[in-house]
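The values are calculated or read from the model by the stated rules, or taken from the named source; none is laboratory data. Only a predicted model underlies this, so the values are computations on that prediction, with no experimental measurement involved. Because the Cβ atoms are built from the backbone with ideal geometry, glycine has one as well, and the counts that use them run over all protein chains shown. SASA here: full protein model, heavy atoms, side chains in, ligands and nucleic acids out. Shrake-Rupley method; radii C 1.70, N 1.55, O 1.52, S 1.80 Å.
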Amino acid sequence: MPIARERILFEDRWLLAVTKLGGELVVQGKGRLDTLPLLDFLRKDHPSLLAIHRLDFETSGVVVFAKSRAVLAATLAKKFAGWKKDYTALVLGTPKRAAGVIDFKLPARSGEGKVQVSTHYAVRETIGPVSLLDCTIERGQKHQIRRHLSMIGHPLILDVVYGIAKANKEFSKFLRLHRFFLHASRITFPHPVTGTIIEIVSPLPKAFLAVIKKLREANT
């Protein structure tokens with residue numbers, strides 16, 4: 001079955017951008033699969049499609065694909081210069097500063113040493129024991145936002161890898177959910193072929209909005 005049309009956010013001769021759902025793989029990884037990865041579904045209509053970047057299994061939001069190896073190569077050759085990725089995150093507690101930059105080094109994707117990367121954040125709303133943050137990164141390292149927020153003491157709620165087990169247990173019981181909330185809400189980048197600045201936006205999913213509503217109601 002082809003992907004639902006409403007999930008397509010942008011398309012031209014060279015690129016395709018769609019909304020990835022939380023709990024969906026972008027491409028096939030190691031281990032057993034219960035459902036086909038997003039790329040496999042998209043290739044039913046676009047056989048030559050290739051992923052330009054990825055999102056974690058539980059993360060939702062914008063993912064951009066190249067329609068040919070030449071377009072992918074053109075993107076990678078520029079090393080993602082000019083790319084900006086905006087995320088919405090639901091975290092434990094509230095940072096002391098309403099906005100700031102997290103600059104801790106993280107392991108390089110190559111597996112050799114560490115690299116300096118930055119995560120910009122701003123508190124959009126505090127809802128009792130949690131906060132809704134806007135986060136921005138450029139290229140990004142593996143789990144960059146999740147790691148950085150955990151390093152400043154405000155991990156994503158329900159993040160079993162970088163979160164706090166006791167808090168996760170309480171939120172899981174209250175929300176009746178088991179996955180964290182991180183959404184790639186916007187990607188801005190220079191088109192690899194035309195050079196035009198492209199901005200692609202993915203609204204918060206209904207499940208994310210429902211959790212925010214429930215938390216607000218519990219803290220009024």
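Of note:
- A Gaussian network model of the chain, with springs between Cα atoms under 10 Å, assigns the largest mean-square fluctuation among Asp45, Asp56, Asp159 to Asp45.
- Here the dipole of segment 114-220 is about 420 debye; that uses its Cα centre as origin and unit charges on the Cβ of Lys and Arg (positive) and Asp and Glu (negative).
- A 1.4 Å probe run over the protein chains yields, for segment 12-169, 52 Å² of accessible area per residue, whole-number rounding.
- Square roots of 5 times each gyration tensor eigenvalue, C-alpha, segment 49-173, largest first, Å: 29, 16, 14
- For segment 142-178, trypsin sites (Lys or Arg not before Pro) meeting the loop criterion (DSSP other than H, G, I, E, B) and having at most 11 other Cβ atoms within 10 Å: Arg176.
- Shape class for segment 142-219, computed from the alpha carbon gyration tensor (a ≥ b ≥ c): oblate, with a/c not under 1.5 and a/b at or below b/c.
- Whole-angstrom gap from segment 146-220 to segment 63-116, using each part's C-alpha centre: 15
- Out-of-range pairs (alpha-carbon distance over 18 Å; input Lys85/Lys142; Lys20/Lys105; Lys169/Lys206; Lys114/Lys166; Lys173/Lys206): Lys20/Lys105; Lys169/Lys206; Lys114/Lys166; Lys173/Lys206
- Atom-type composition of the exposed protein surface of the chain places 54 percent of the accessible area on carbon and sulfur (1.4 angstrom probe).
- Farthest positive-ward along segment 72-205 dipole, Cα basis, beta-carbon charges - from Leu158, Ala184, Thr119: Leu158
- For segment 182-196, 3J(HN,Hα) per residue [Karplus equation, 6.51 cos²θ - 1.76 cosθ + 1.60, θ = phi - 60°, Hz, x = Gly/Pro]: 9, 10, 7, 7, 7, 10, 10, 7, x, 4, x, 9, 8, x, 5
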